[in-house]
Amino acid sequence: MSSNDSIKKTVVVALSLCLVCSVFVAAAAVGLKPIQKANKDLDRKQNILAAADMLDPDKSVDEIFESIETRLVNISTGKFATEAELTSAGINPATYDQNIASKDPALSIALEAEDDIASIKRRAEYSSVYLVKSGDDIERIILPVKGYGLWSTMYGFMALESDFNTVIGFGFYDQAETPGLGGEVDNPNWKALWKGKMVYNESGEAVLGLVKGSVDSTDPQAAYKVDGLSGATLTSRGVTNLVHYWLGEQGFGPFLSNLKGEGE
């Protein structure tokens with residue numbers, strides 16, 4: 001057998017093996033996609049419930065989540081989106097993902113540098129919000145937030161009480177900050193510090209944020225302050241900025257103000 005025949009057979013075998021492997025990989029990817037989607041959805045629900053302090057070890061996440069109503073909000077108008085405007089925008093509420101929408105020029109707006117304190121560049125026109133209701137009254141509201149820290153965009157949820165001011169819980173479900181420093185945004189002890197804090201001052205400004213070091217409990221403004229992350233100045237600043245952005249006039253501020261006015 002010539003060396004050319006040997007090389008030809010080797011190439012054929014290698015190509016055949018690559019083809020078989022690629023078929024298996026593609027089949028696995030397609031087969032696992034529904035499972036991955038279900039796990040992603042479960043993780044989202046779990047993080048929403050954690051922020052709202054609603055997790056119960058005796059109940060499944062899906063069972064608890066049945067008590068939560070998901071709505072879309074038009075951030076520009078500060079009102080719940082109507083079925084007509086969502087249809088006009090080509091949005092299906094059941095599958096809408098605002099993080100994907102924020103990259104679509106047709107569904108988002110580019111932010112001016114002076115307004116983009118959370119460093120997100122673009123903001124989706126519509127956002128999902130999650131409501132826990134008693135009859136027609138909202139008992140808790142959970143808002144998605146995001147903003148840039150030192151190394152990454154941090155994605156999380158903040159839950160507020162029925163006054164739309166008092167924090168129930170706050171946490172991130174996706175971030176890549178420095179472990180042991182900025183990564184402490186995942187520390188349960190730090191997240192517990194947010195409970196009971198106030199977002200808005202008497203003038204209606206979103207002022208809640210992190211301080212350098214620990215909060216002085218005797219400070220008259222202590223209700224608006226949370227301990228900073230030791231050794232993580234830029235991450236701490238990023239957390240403060242994203243809270244001010246999303247709870248401020250460019251984010252959910254007008255929407256929450258409208259809700260408060262309806263309840264008075």
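Just so you know, all these numbers are worked out from the coordinates, no wet-lab data involved. Bear in mind the structure is a predicted one, so any value in this text is a computation, not a measurement. Quick reminder, even Gly has a Cβ in these numbers, built from the backbone with ideal geometry, and neighbours come from all protein chains shown.
Averaging Cα coordinates gives a centre for region 135-171 and one for region 198-221; these two points are 16 Å apart. Per-peptide packing, taken as the mean over residues of other Cβ atoms within 10 Å, places 233-239, 157-163, 135-141 in the sequence 233-239, 157-163, 135-141 from highest down.
Taking the mean number of other Cβ atoms within 10 Å as a proxy for protection, how do you rank 65-78, 40-53 from highest to lowest? Write out the running numbers ahead of the final one.
Numbers: 65-78: 16.0, 40-53: 18.2.
Descending packing order for the listed peptides: 40-53, 65-78.
Sorting 201-210, 96-105 by average packing, meaning the other beta carbons within 10 Å per residue, from highest down gives 201-210, 96-105. Of the residues Thr166, Phe80, Ala118, the one whose Cα sits farthest towards the positive end of the charge dipole of region 67-263 is Ala118 (charges of +1 on Lys and Arg Cβ, -1 on Asp and Glu Cβ, taken about the Cα centre).
In a simple Cβ point-charge model (Lys, Arg +1; Asp, Glu -1; nothing else charged), the chain has a dipole of about 1240 debye relative to its Cα centre.
Determine, for Thr240, Thr82, the number of other Cβ atoms within 10 Å of each Cβ, and report the residues in order from fewest to most. Spell out each step's value before the answer.
Numbers: Thr240 21, Thr82 12.
Taking fewest neighbouring Cβ atoms as first place, the list is Thr82, Thr240.
Among (1) 10; (2) 24; (3) 17, find the value of percent of Cα pairs over 36 Å apart that was calculated from the structure presented, and write down its label. Entry (2). Taking Cα atoms only, the orientation of helix 253-263 departs from the longest principal axis of the chain by about 50 degrees. In order along region 107-117, the Karplus-derived 3J(HN,Hα) couplings, from 6.51 cos²θ - 1.76 cosθ + 1.60 at θ = phi - 60°, round to 10, 8, 10, 7, 9, 5, 4, 5, 8, 8, 5 Hz, and Gly and Pro are given as x. In terms of distances greater than 27 angstrom between alpha carbons, the cross-link table entries Lys103/Lys212; Lys133/Lys191; Lys40/Lys225; Lys40/Lys212; Lys59/Lys146; Lys59/Lys225 yield Lys103/Lys212; Lys40/Lys225; Lys40/Lys212; Lys59/Lys146; Lys59/Lys225.
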